[in-house]
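Here's the structure we're looking at; comments come further down.
Here, each number is a calculation from the coordinates, and none is a lab measurement. Only a predicted model underlies this, so the values are computations on that prediction, with no experimental measurement involved. Don't worry about glycine lacking a Cβ; one is built from the backbone with ideal geometry, like all the others, and counts go over all protein chains shown.
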Amino acid sequence: MDRTVYLDYAATTPVDENVLEAMMPFFSERYGNANSLYALGRDAYTAFEDARERVAALMGATHPGEVIFTSGGTESDNTALIGLATAGGRIKGHVIVSAFEHHAVLAPAEWLGKHGFTVTEVSPRTDGLIHPEDLQAAMREDTVLVSVMHGNNEIGTIQPLRALADIAHAGGALMHTDAAQTLGKIDFDVNDLGIDAASFSSHKIYGPKGFGALYLRKGTRIAPYMMGGGQESKRRSGTQNVAGAVGFARALEIMDAERATEAPLLAALRDRIVEGVLGRLELTSLNCCETKARLPHIANFIIKGVEGEAMLLHLDAKGIAVSTGSACSSGSLKPSHVLLAIGCPQEFAHGSLRVSLGRYTTEKDADYFVDELIPIVERLRSMSPLYAKIKAEHSAG
Ligand SMILES: *Cc1c(COP(=O)(O)O)cnc(C)c1O
């Protein structure tokens, strides 16, 4: 194998070399604890707070204190769900999440459901969108929190957050969004979106793994999820990850500077792959292709009559890294909960393939992927009784 073609940027990204360079001093000479009062500590504190100000500005936050640094998207989601629902000692109430959230939202929602709260899942429609009227219908007198992700990590659809937030607020509830796939990648402004809380992950935007942030609108009460030394204004204890914050801020600045050129390039590469795959394979479709509001870097295919895992392994043998859904559900043979939520039949959901592109993807990579995928699918289909059946039904009907 002499070639690696990485097409799984929605799972993680490599650290940008400029990000790494910005972080390096904080592993060596600038190693102080940001809580220490002597010069070395003050230096770390200054760098950390400077990173917070830059991150806050790049999401349109009004005050730097609205940004809480965390260990990543998962911690931010857990903190938001549990911390907002149980704020002020609340022990019961109604929480709404969408059915195609990341597990970092679904799992704490399930936990709330076992600990005094009632949880409703709102389903997206087949277009991959949560429709405002469906959220409206799920609202109750006692709804305290609504959480709907911004950009879906498997199918790439972008939710109408502003309209959803308005409905949540009209019903007296808070609005949280998991924005791990959107901050830096599309226009993002917490005030335009009207949200109260949002989760971010550094490693989806060429920053380090194990770092992220939670936006929390000023005045919003939250129960701390990590307790201890009282860092982050008592909202997230633990010694500050200064290198992580510096890296995340730098990564976000680069995203912001590059977005206008990067996003159309990614969309063009994505469309090149989509045209190649759909043009050369029958009984194949792009999920939610009718939806205009979508992330530029994600394409999710249903290739009927083949197992996504089998395609993945054969592509891996050619040096190509793709995914069948989210990285978290791979390893299990359960079909993706996202595809089931948008109404994809179970038997076809097994044939999903997610391609996600990024900063270092080239036209050559896109073409290599398509050229390798076609014969793999044809070979797998030629051995598949399921495909023979699907094709017979298709020809008959
Ligand atoms: C990656 C991701 C997460 C998890 O973030 P981590 O930093 O890996 O914990 C949560 N939500 C979405 C939509 C993601 O893409």
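Mind computing the radius of gyration and Dmax over the alpha-carbon atoms of the chain? Å is fine for both.
Answer for the chain, Rg first and Dmax second: 21.9, 79 Å.
Return the distance in nm (one decimal) between the two label points of a simple spin-label model at GLU141 and GLU378, each offset 7 Å from Cα along Cα→Cβ.
Result for the modelled spin labels: 6.5 nm.
Please report the net charge: other residues with Cβ closer than 12 Å to the Cβ of HIS103, K and R +1, D and E -1.
Local net charge: -4.
Using alpha carbons only, how many degrees (0 to 90, rounded to 10) separate the axis of helix 161-170 from the longest principal axis of the chain?
50 degrees
Counting other C-beta atoms within 10 Å, which of TYR360, TYR45, TYR225, TYR38 has the fewest, and how do the rest follow?
Arranged by neighbour count, lowest to highest, TYR360, TYR45, TYR225, TYR38 become TYR38, TYR360, TYR45, TYR225.
I need to check one value: relative contact order of region 17-254, counting alpha carbon pairs closer than 8 Å and at least 6 residues apart, in percent.
27 percent
Among DSSP beta bridges whose residues both lie in region 17-254, state the antiparallel percentage, nearest 5.
The answer is about 35 percent antiparallel.
Under 30 Å between alpha carbons, and skipping anything fewer than 8 positions from LYS318 in its own chain: which lysines qualify?
Counting by Cα, and skipping residues close in sequence, LYS318 has these lysines nearby: LYS185, LYS204, LYS209, LYS304, LYS334, LYS364, LYS389, LYS391.
Around THR182, with a cut-off of 12 angstrom between Cβ atoms, what is the net charge of the other residues, counting Lys and Arg +1 and Asp and Glu -1?
Counting the neighbours of THR182, the net charge comes to +1.
Want the number for ASN18 to LEU386: 0.36 nm per residue separation, take away the alpha-carbon distance, what's left?
Gain on stretching ASN18 to LEU386: 127.6 nm.
Work out the length of the dipole vector of the chain about its Cα centre, built from +1 on the beta-carbon of each Lys and Arg and -1 on the beta-carbon of each Asp and Glu, and round it to the nearest 20 debye.
It comes to approximately 700 debye.
Over the chain, calculate the relative contact order: mean separation of alpha carbon pairs under 8 Å at least 6 apart, over the residue count, as a percent.
Rounded, it is 22 percent for the chain.
Give me the angle, in degrees from 0 to 90, between the Cα long axis of helix 39-58 and the longest principal axis of the Cα atoms of the chain, rounded to the nearest 10.
The angle comes out near 50 degrees.
Quick one: of the DSSP bridges fully inside the chain, what percent are antiparallel, nearest 5?
50 percent
With label points built 7 Å along Cα→Cβ from the Cα atoms of LYS364 and ALA87, find their separation and express it in nm.
5.1 nm
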